[in-house]
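Comments concern the structure below.
Read-outs throughout are calculated quantities, based only on the coordinates presented, and are distinct from any laboratory measurement. Because the structure is a prediction, the values reported are computed rather than measured. Methodologically, a virtual Cβ is constructed for each residue, glycine included, from the backbone with ideal geometry; neighbour enumeration extends over all protein chains shown.
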Amino acid sequence: MAYRSGFSAQTLAVLADLCGTPSRWRHGYGIARDTGLKSGTLYPILIRLADRGLVEARWEDEQPAGRPQRHLYRLTPHGLAAAAAALAQAPSTDGTPASDRVQGRRRVAAG
Amino acid sequence: MSWLTGVMAALLRCPAGLLPANRRVWADALLAEAGAVPAGRHRLAWLAGGVRLTVREAALARRLTYALAFAAAAAGTAWSAWSGPAGDPAIVPNRVGVIALAVILAGLPWAIRRARGPAAGGRAARLVRTGGYAALFALVLVRTAVERVAYAPPNNVADSSGAWMRGGLFLAVMAGYAAGMLALTARRSRAAPATVAIGTATGAAVGVLAYALGPLGFPLRFTGPWPAGFYDAALALGVLLALAAPVAAGLAATRRAGSLPAGFRAGQGAKAGLCTGAAAALVVAVLSTATIALLPYDTGLQHWAAIHIGHWTPAVGQWTPILGPTRLGYVAGNSAFAAGYLVVLLVSPLLGCAFGAVAGLAADGSQPPRPRPRGSGPPLPRPAPATSRLRPPP
C-alpha cells in the first residue's frame, strides 16, 4: 500500500529503521532483521533510496580476516529530512507510527 | 544444505556479470552480507533474494524472452524452408538464405551496439525492433514458400539460374532493413524516439491499407465481376495515401521536435519519412507475398489474379491463357513478387525519406525553435570550432 508520501510501507519501515540511529552506519542484514524484510525486498529499496540520494553507502574500511568487506548504509541529511517528513505523514493501520513499529520488532528480535 | 548454499552463491555471481557497474556493487554487497546471515535456510533465503534481485536488475527475463523468441522464429523459418519436392532447385538457395539471415539478424545487434549503443529506453523502441524482426522472418517464410513451389516441377515457371542472385539481393535488402531499424532505435540514434514511433506507426497503417486496396488485398476475396474503374480508383487512392503518408509523418515529427535546433528538426522529418516508407513496404511485401503463397490452393483467388495481376503488371508480359490454375497463379504471382515487391522494398524507404525531408524543411521554416528541456531528445551535433581572427598588424 502506498502512502501519500510516495513511499511504500516497506520503504517506510527501512527509513524508520535508519532514522533510529541516523549517524551510525548499518549493515544490510541488521536492517533486514529489524524490519523483517527479505534480501530480495530490502536491497531494491536501498538501491532506489541511494539513486534518489536519500541513502549513502560505503564498504567497510578495514579488511577483516576470513570474510569479505561488508557494505554499510545510512541516511544522508536530505534523506533524514525526507524520512522524517514521510514518517510523520504515514500512520499505520493500528495507529502506531512506523518508527514505533520498528522498535517493536527490535524488542521481539532481542527477546 | 551447504552445497545448496554454494550453488545459490554461484547462481548469484553468474548474472551479476550482466549488471551495469552501478548495480554490480549491490549484488557484491548482498553476497558479502551472506556471511553474516546464520547458516542454513536463512542464508539460502538471503542468497535466493539476491538471485531474484540480479535477474530483475539485469532484465534477464526480458533478454531471455527475446533470445528464445528469436531462436523459435529462426527455427520455424528454417524448418519451413528446409524441405521441398525432389528436383526443386530453390531448396538449397532457400536453406542458405534462411541460415544466413538468422546469422545476420543475430549478429547485427552486437555491431550496432558498438556504434550506436544499446536499444533506446522505452517501449516504442523495443516494439519497433520486435515487430521489425517478426516481419523480416515472416517475409522470409512466405517468400521461401513461393519460391519453392514456383521452381518445383511441374511448375518450373521461374528461371532457376537466377535463384542465387535473387536470393543474395533479397538477403542484402533484409540486412539493410534490420541494420536501419536497429540504428534508428538505438540509444545514440539521431532520430528522436517520437520520430521513429510516428514514422513506423504511419507506415504500418498505410501498408495495411495499401495491401487492402491493392491487387492482392480484399478485392481478391470477392468473386464475381468487378468494374475495372472501381478497382482503378481504389488503387489510385492507395497510391495517394502512400505518397501522403511520409509527408504527414515528416510534418508531425518536425513539429514534435520543436525544441531542437533548426537543421536538426528538419532531419527528423527525413527520418520519419524513411521509417514510414520502410514500414509500409515491409507490411505490403509480407501480406502480398503471403497471399501469393496461398494462390495455388484457392481457385477463386487464381481466377481473380489471372485477370487483375496481369492487368497491373503489363511490364511482366507473362499473362497467358490459362494453362492450369497452379501454373497461372505462379506465373503472375512469382513475377509480381520478383519484379514488384523487391523494388518496393528498395524504393519505398528512399521515396519516404525524400518526401519526409521536404515536409520537414517546410515545417521547420514555419516555426521558431522551442526551449529544450534538459536531458531530452537525441544528442545534438557538435558545434564547429571557432576560428580566431588575428588582427593585422597596424
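Numbers for the structure displayed
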quantity: Burial ordering of B:Met174, B:Met165, fewest other beta-carbon atoms within 10 Å first; calculated: B:Met165, B:Met174
quantity: Summed side-chain charge close to A:Trp25 - residues other than A:Trp25 whose Cβ falls under 11 Å, Lys, Arg +1, Asp, Glu -1; calculated: +2
quantity: Cα gyration tensor shape of the stretch B:90-143, rounded if a/c is under 1.5, else prolate or oblate by comparing a/b with b/c; calculated: oblate
quantity: Hz values of 3J(HN,Hα) by residue in the stretch A:30-37 - Karplus curve (6.51, -1.76, 1.60), Gly and Pro given as x; calculated: x, 5, 4, 5, 6, 8, x, 8
quantity: Full-extension gain in nm, B:Arg187 to B:Thr130, via 0.36 nm per residue minus C-alpha separation; calculated: 18.9 nm
quantity: Distant-in-sequence amide H partners of B:Ala186 (H built 1.01 Å from N, under 5 Å); calculated: B:Ala120
quantity: The stretch A:10-61 and the stretch B:18-51: distance between their alpha carbon centers, rounded to Å; calculated: 14 Å
quantity: Residues B:Val103 and A:Glu62, FRET efficiency given R0 of 51 Å [Cβ-Cβ distance, rounded to 0.05]; calculated: 0.45
quantity: FRET efficiency for B:Trp164 and B:Trp79, using Cβ-Cβ distance with R0 set to 30 Å, rounded to 0.05; calculated: 0.85
